[in-house]
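The values are calculated or read from the model by the stated rules, or taken from the named source; none is laboratory data. Because the structure is a prediction, the values reported are computed rather than measured. Note that each Cβ is placed from the backbone with ideal geometry, even for glycine, and that neighbours are counted across all protein chains shown. Only protein heavy atoms, including side chains, enter the accessible area calculation; ligands, DNA and RNA are left aside. Shrake-Rupley method; radii C 1.70, N 1.55, O 1.52, S 1.80 Å.
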Amino acid sequence: MDHLKQATLTHKQLATSCFNKVWEYLELDERRDEDNEAMIHLCHSSFWHWTQVDGHTDMNLSVGYWQLSRVYAVIGDGSSSLTYAEKCVSISENLDPFYKGYGHESCARAYKIMGNEEKMLEHKETAKAYVDLVLDEENKTWIENDLQTI
């Protein structure tokens, strides 16, 4: 295997590993400050490694921005959560409704944390409209379940 292919494989492996480790932190019932800090660093690492994978797609970036937004929402940083949610919405513009819906789900979640009920409801309704266009039932259920937690 040549050097560039090996580097791409390594970046992809690291991106995936960091992404999955973030989920372990997100699923904890209680997180310490150190856990939150590790989760943030892992999430940014995952995103960066994806950007280094040759042939990464807008879908990869959409998922990465969404996870960054969720991490910041979970720790209560609405402003950072919204920053990444807006990036998710923007990069998802030409993707399937599933990704567009999750972009707006993340905006709704960020606005809720920030106490902006009007914007939260606006994005939640937009996300629900995209949910109706999602064909895969499992994906549809994921978004519906996440929207119920907002």
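Against the condition open to solvent by 30 Å² or more (accessible area, probe 1.4 Å) and among the hydrophobic types (A, V, I, L, M, F, W, C), how does Leu135 come out, does it pass? When the stated conditions are applied, Leu135 passes them. State whether the residues of segment 16-36 include one that is open to solvent by less than 50 Å² (accessible area, probe 1.4 Å), small (Gly, Ala, Ser) and assigned to a helix (DSSP H, G or I). Within segment 16-36, none of the residues are open to solvent by less than 50 Å² (accessible area, probe 1.4 Å), small (Gly, Ala, Ser) and assigned to a helix (DSSP H, G or I).
Would you check which residues across segment 40-65 are part of a helix (DSSP H, G or I) and open to solvent by 70 Å² or more (accessible area, probe 1.4 Å) and list them? Listed by number, the residues that qualify are His41, Trp48, Gln52, Asp58, Met59. Here the condition is being closer than 18 Å to Leu26 by Cα, under 17 Å from the mean Cα position of the chain (by Cα) and not in a helix (DSSP H, G or I); of Ile150, Ile113, it holds for Ile150 alone. Filtering Glu37, Glu93 for residues that are of a type in the set (Asp, Glu) and either at pLDDT below 95 or touching a helix residue (DSSP H, G or I) at 6+ places or on another chain (Cβ under 9 Å) (or both) leaves a single hit, Glu93. Consider His56 against the criteria (1) touching a residue at least 40 places away in the same chain (Cβ under 8 Å); (2) farther than 28 Å from Arg32 by Cα: it satisfies all of them except one. Which criterion is unmet? It fails just one condition, (1).
Against the test of being assigned to a helix (DSSP H, G or I), without any contact (Cβ under 8 Å) to a residue 24 or more places away in the chain and closer than 20 Å to Trp23 by Cβ, the options Glu86, Glu144, Glu122 yield a single qualifying residue, Glu144.
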